[in-house]
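Beneath this line is the structure, given in structure tokens, with notes to follow.
Every number here is computed from the coordinates shown, using simple stated rules; none is lab data. In this text, all values refer to a predicted model and were calculated from it rather than measured experimentally. For neighbour counting, all protein chains shown are included, and Cβ atoms are generated from backbone atoms with ideal geometry for every residue, glycine included.
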Amino acid sequence: MRYVFLTGTNRGLGQAVANLLKDDKIISITRSPIENNTVIHQSFLTDFNDIDTLENSISDIFSAIEPSNGDEVYLLNVAGTVDPVQSLGNLNGSEMLDNYKTNVVAPTLLIKGFINRFKDFKGTKRILTVTSGAAVNGIEGWGAYCSSKAAINMVHEVLNKENIHQENNIKSAIFYPGVIDTGMQETIRSSDINEFPNLDRFKEYKSNNALAKAEDVAAALIKVVTSDDFGNQESYNVKDYL
């Protein structure tokens, strides 16, 4: 049996991943209820901006299953936010902090909970976190998003080292999903061009049908994380799997 702890399950890439893993036991971690939850084994509602509540929920989330040693346990950190789209001169501190809570703090706390809960579990353990090309290429107006994605990349670099040193028996990596036709793109296209000079380019992605389908990216993500050699690389790019 494969158990999958999945964030962002209620929309976009996370929803597409859930639909393709319908034969697995999915433990959903979202801010809002899932309208069609037929593929969900268990569901936990928590707002990543409320870190205290999330921390108090971690134990319950990862205690939701009792895997046997022949089972597989995955953590897929898919949820993310691009907001606030603002130039550095206008960046709102509170909104930037919310971005970091969602993109860095929450997935890091889930990684912590996963490690501690399953440290004695002898079966397959894997962690995959969705990142962005913005983590390595600065984009005007995306100071919060670029820097938070760079931060979660570094969290994974540390995790990979600790997995070896602490003998956690966990395979982990980050995944670059490319530009996907999801609600995040709608948010980007509604940005103020004065804050986000690349606005027209992202509108062209949509008008030119250049956005990848969430289902295709989800299939690539699943192919990566379920492969026999997962974890041999620190990062994977969707372009290599489409």
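What's the lysine pair count for the range 104-215 at a Cα cut-off below 15 Å, pairs eight or more apart or interchain? Lysine pairs meeting the criterion: 7.
What value, in deg cm²/dmol to 500, does the helix sum -39500 (n - 2.57) over DSSP H runs of n ≥ 4 give at 222 nm once divided by the residues of the chain?
Numbers: 8 runs with 93 residues, N = 242.
Mean residue ellipticity, 222 nm, calculated: -12000 deg cm²/dmol.
List the GluC sites (Glu not before Pro) in the range 1-86 that DSSP assigns to loop (not H, G, I, E or B) and whose Cβ has at most 12 other Cβ atoms within 10 Å. Which are they? Taking the range 1-86 and a limit of 12 other Cβ atoms within 10 Å, the loop GluC sites (Glu not before Pro) found are Glu35.
Give me the net charge for the shell around Thr108: Cβ to Cβ below 14 angstrom, other residues only, Lys and Arg +1, Asp and Glu -1.
Numbers: positive: Lys101, Lys112, Lys149; negative: Glu55, Glu157, Glu162.
Value of the local net charge: 0.
Give me the percent relative contact order of the range 126-206, please, defined on Cα pairs under 8 angstrom at least 6 residues apart. Relative contact order comes out at 35 percent. Restricting the range 104-191 to GluC sites (Glu not before Pro) that sit in a DSSP loop and have at most 10 other Cβ atoms within 10 Å of their own Cβ leaves Glu167.
Rounded to the nearest Hz, the phi-derived 3J(HN,Hα) couplings of the range 228-240 under the Karplus curve 6.51 cos²θ - 1.76 cosθ + 1.60 (θ = phi - 60°) are 5, 9, 4, x, 6, 10, 7, 8, 9, 10, 4, 4, 7, where x marks glycine and proline.
Near Leu45, within a Cβ-to-Cβ distance under 13 Å, what is the net charge of the other residues, with Lys and Arg +1 and Asp and Glu -1?
Working: positive: Arg31; negative: Asp47, Asp50, Asp60.
Net charge around Leu45: -2.
With an 8 Å Cα cut-off and a minimum separation of 6 or more residues, compute the relative contact order for the range 49-108 in percent. Kindly include the intermediate steps, with their values, before the conclusion.
On the way: 26 pairs, mean separation 25.8, N = 60.
Reported relative contact order: 43 percent.
Multiplying the residue separation of Asn92 and Thr187 by 0.36 nm and removing their Cα-Cα distance gives an extension gain of 32.5 nm. When a/c reaches 1.5 or more, the comparison of a/b and b/c decides; with that in mind, is the range 149-242 rounded, prolate or oblate per its Cα gyration tensor? Verdict is oblate for the range 149-242. The gain in end-to-end length when the Asp52 to Ile139 segment is fully stretched comes to 28.2 nm, 0.36 nm per residue minus the alpha carbon separation.
Short-range pairs are left out: with C-alpha atoms under 8 Å and at least six residues apart, the relative contact order of the chain is 20 percent. Classify the chain from the C-alpha gyration tensor, please: rounded if a/c falls under 1.5, else prolate or oblate depending on whether a/b exceeds b/c. In terms of gyration-tensor shape, prolate. With θ taken as phi - 60° and the Karplus curve 6.51 cos²θ - 1.76 cosθ + 1.60 applied, the whole-hertz 3J(HN,Hα) list for the range 94-102 is 5, 5, 5, 5, 4, 4, 5, 4, 6 Hz, x standing for glycine and proline. The overall shape of the range 1-81 is oblate: from the C-alpha gyration tensor, with semi-axes ordered a ≥ b ≥ c, the ratio a/c is 1.5 or greater and a/b is no larger than b/c.
Close amide H partners of Ser172, meaning residues 5 or more places away or on another chain with modelled amide H under 5 Å apart, are Ile127.
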